[in-house]
Amino acid sequence: MTTITHRRASAGLILCLAWPAAALELPQGARMLTETTSEQSSYRLPTGPWQDEGGIPSARVEGAVTRQAWRIDGQSATTLQLLAPLRAQLLSDGFEVVFECAASVCGGFDFRFETEVLPGPAMYVNLTDYRFLSARRTGADAEAVSLLVSRTSSAGFVQIIRVGTGEEPPDPVTATLPTDPAPEPGSLARELERAGHVVLPDLDFASGSSDLGDGAVPSLDRIADYLQANPQRQIVFVGHTDATGSLDANIALSRRRAEAAVRYLDRRHGLDGSRVSAEGVGYLAPLASNLSDEGRRRNRRIEAVLSSTE
């Protein structure tokens with residue numbers, strides 16, 4: 001197997017993929033931030049939404065695999081407006097849609113973290129504003145495609161994974177397509193126990209703010225489920241900031257962000273301070289450079305740290 005990786009390829013209007021030669025047209029100004037190609041590999045093509053029992057149903061497809069992440073700056077288009085033209089191009093090129101969904105219908109947090117997503121900052125997924133589509137084409141030029149589209153306030157992001165099988169698949173893709181075994185649900189809990197900490201990606205703070213809002217926060221609900229299922233475990237929420245302002249002010253702000261998570265668990269799940277606590281480290285542990293808006297956004301976060309030793 002040969003794997004080639006490219007990063008920050010030149011911008012272009014036409015997205016050209018090696019297998020097969022069908023081209024997808026992206027909006028003017030789209031920039032490819034990363035690409036990997038494998039002459040012979042496999043991919044689990046999602047065929048339905050995340051389920052409490054079984055995770056994401058998927059079909060294993062094999063062949064030449066291309067994975068790309070694109071960024072479109074200066075975009076005010078919605079995720080549907082970004083996805084719809086790509087869907088139309090696939091349909092006109094002989095593809096049939098296998099599965100399509102928007103954030104909460106896909107499975108929200110669970111779908112995003114159990115499907116394949118290229119790492120940031122090349123690909124960004126807003127847990128409340130993303131769309132996914134999978135499609136297949138049969139025949140001599142058989143191919144499978146998945147599209148994942150999301151956006152920030154100033155940019156759109158498109159992930160494209162294509163698998164050119166080059167041969168007729170055994171049956172047309174339908175809702176009853178045999179699926180591969182999917183990962184078990186609870187990926188956040190597994191990562192917490194594996195690494196000892198996990199970023200809570202659906203807590204998106206504005207600069208200088210510690211407000212969680214009034215709505216549900218799926219990742220915190222998952223933490224609550226984990227603590228209720230494991231009464232001997234304890235969690236410390238650690239707040240982080242970008243580098244705007246003084247260190248002392250940012251440490252205080254980051255602690256307020258972590259305390260907001262503690263209050264959420266107390267208010268919604270009855271988990272008090274004996275099981276969860278809050279700390280703040282300001283800008284001392286960044287995930288990305290603070291020289292860019294995107295880097296600063298990623299650094300404004302809360303991490304859950306497993307403080308139990310047994």
Failed criterion for G215 (all others in (1) assigned to a loop (DSSP other than H, G, I, E, B); (2) surrounded by fewer than 16 Cβ atoms within 10 Å (Cβ to Cβ); (3) in contact (Cβ under 8 Å) with a residue 24 or more places away in the chain hold) | (3)
Of all residues making up the range 251-294, the number that are closer than 25 Å to Y226 by Cα, in a helix (DSSP H, G or I) and not aromatic (F, W, Y) = 15
Cβ-Cβ under 7 Å pairs, at least 6 apart or on other chains, the range 109-131 side over 17 Å from T36 (Cα atoms), far side assigned to a strand (DSSP E or B) and charged (D, E, K, R) | N126/R151; D129/R151
What tally of residues in the range 283-297 results from selecting those that are of a type in the set (A, V, I, L, M) and either within 19 Å of D248 (Cα to Cα) or surrounded by fewer than 14 Cβ atoms within 10 Å (Cβ to Cβ) (or both)?
-> 3
Count - residues of the range 141-150 that are assigned to a strand (DSSP E or B) and farther than 12 Å from W70 by Cβ | 4
Return yes or no: is V97 touching a Ser or Thr at 6+ places or on another chain (Cβ under 8 Å), modelled with pLDDT of 90 or more and surrounded by fewer than 21 Cβ atoms within 10 Å (Cβ to Cβ)?
-> yes
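Okay, residues lined up against (1) outside any loop (DSSP other than H, G, I, E, B); (2) surrounded by fewer than 20 Cβ atoms within 10 Å (Cβ to Cβ):
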position: E39; (1), (2): yes, yes
position: P49; (1), (2): no, yes
position: R60; (1), (2): yes, yes
position: V65; (1), (2): yes, no
Matching residues, the range 67-91, being in a strand (DSSP E or B) and either polar (S, T, N, Q) or in contact with a Cys (Cβ under 9 Å, 6 or more places away or on another chain) (or both) | Q68
For P181, work out the one condition from (1) loosely packed, with under 14 Cβ neighbours inside 10 Å; (2) modelled with pLDDT of 85 or more; (3) not assigned by TED's automatic domain parsing to the domain that holds L24 it doesn't fulfil.
-> (2)
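The values are calculated or read from the model by the stated rules, or taken from the named source; none is laboratory data. Everything numeric in this text was worked out from a predicted model, so none of it was measured. Ideal geometry is used to build each Cβ from the backbone, glycine not excepted, and the neighbour counts take in all protein chains shown.
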